[in-house]
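Below is one structure; the comments refer to it alone.
The values are calculated or read from the model by the stated rules, or taken from the named source; none is laboratory data. All figures in this text were calculated on a predicted structure; none of them were measured in a lab. Note that we place each Cβ from the backbone using ideal geometry, even for glycine, and neighbour counts take in every protein chain shown. Heads up: the accessible areas ignore ligands, DNA and RNA and are worked out on the full protein's heavy atoms, side chains in. Shrake-Rupley method; radii C 1.70, N 1.55, O 1.52, S 1.80 Å.
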Amino acid sequence: GQQLNQSPQSMFIQEGEDVSMNCTSSSIFNTWLWYKQDPGEGPVLLIALYKAGELTSNGRLTAQFGITRKDSFLNISASIPSDVGIYFCFGAGNMLTFGGGTRLMVKP
Amino acid sequence: SQTIHQWPATLVQPVGSPLSLECTVEGTSNPNLYWYRQAAGRGLQLLFYSVGIGQISSEVPQNLSASRPQDRQFILSSKKLLLSDSGFYLCAWGADQKETQYFGPGTRLLVL
């Protein structure tokens, strides 16, 4: 089946830093979605990508649909404390698949 | 605007007992509906999806079942719960062919 490799699995952020995460696969997808999940809540849709090469922004968030249709990245600029949470990529192709998540935490 | 509800929010059940989780969507018609399970600290696993009343597709064989008795109602059931059924159950809806999904608040199930 289709597998999504999301990296990094976790990372510490300091306020003001830029953050980058990505998802890759050996399979082709027609849709890439990025979600954020806070503890005990359902995932919230951040950005939806429907076309290869598409670059979309939502405030400080920017995501791209890879030109090969096998990958996508999400960037967060100038991170703030409320960016903490788990970010998931989602790919829709022959199957519907979530990445394993990237957990953002604040540097102590 | 569309809203999605899940009930109950939390549930503690003994092993071997039955289960019924409910998901309802408002503000749209003929949505695609999905059930996911999320183990603690893990990703989401698609369990079932439905593109219409009475139509259910199962992604993972298990002791769970799903039903869609009404257009905007999706139910997740089990006749006998296992310890491994514990987790966070999420319902989602989608309204287009591009598979964009919107999630409910989830139900946390603990099987003891």
Practice prompt. Check region A:25-32 and report whether any residue there is facing chain B (nearest Cβ under 10 Å), hydrophobic (A, V, I, L, M, F, W, C) and open to solvent by 20 Å² or more (accessible area, probe 1.4 Å).
Written response: no
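Please pick out the residue among A:I47, A:I76 that is crowded, with 18+ Cβ neighbours inside 10 Å and touching a helix residue (DSSP H, G or I) at 6+ places or on another chain (Cβ under 8 Å).
Exactly one residue qualifies, and that residue is A:I76.
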Practice prompt. Kindly provide the set of residues from region A:83-104 that are among the small types (G, A, S) and surrounded by 21 or more Cβ atoms within 10 Å (Cβ to Cβ), ordered by number.
Written response: A:G91, A:G99, A:G101
Discussion item. Taking the conditions exactly as written (within 14 Å of chain B (Cβ to nearest Cβ), exposed (fewer than 14 other Cβ atoms within 10 Å of the Cβ) and either in contact (Cβ under 8 Å) with a residue 40 or more places away in the chain or within 16 Å of the chain's Cα centre (by Cα) (or both)), does A:S10 satisfy them or not?
Written reply: yes
Worksheet item: Restricting to region B:83-112, what's the tally of residues that are among the hydroxyl-bearing types (S, T, Y), open to solvent by 50 Å² or more (accessible area, probe 1.4 Å) and more than 10 Å from chain A (Cβ to nearest Cβ)?
Response: 1
Practice prompt. Go over the candidates B:S67, B:S77, B:S20 one by one and state the one that is without any contact (Cβ under 8 Å) to a residue 24 or more places away in the chain, assigned to a strand (DSSP E or B) and either open to solvent by 50 Å² or more (accessible area, probe 1.4 Å) or away from chain A (no Cβ under 14 Å) (or both).
Written response: B:S67
Worksheet item: Looking at region B:25-47, is at least one residue part of a strand (DSSP E or B), open to solvent by 20 Å² or more (accessible area, probe 1.4 Å) and more than 13 Å from chain A (Cβ to nearest Cβ)?
Response: yes
Practice prompt. Kindly indicate which of A:V19, A:V44 is touching a residue at least 60 places away in the same chain (Cβ under 8 Å) and not small (G, A, S).
Written response: A:V19
Item to complete: Please specify each residue of region A:92-108 satisfying the condition of being within 13 Å of chain B (Cβ to nearest Cβ) and out of contact with any Cys (no Cβ under 8 Å at 6 or more places or on another chain).
Response: A:A92, A:G93, A:N94, A:M95, A:L96, A:T97, A:G100, A:G101, A:T102, A:R103, A:M105
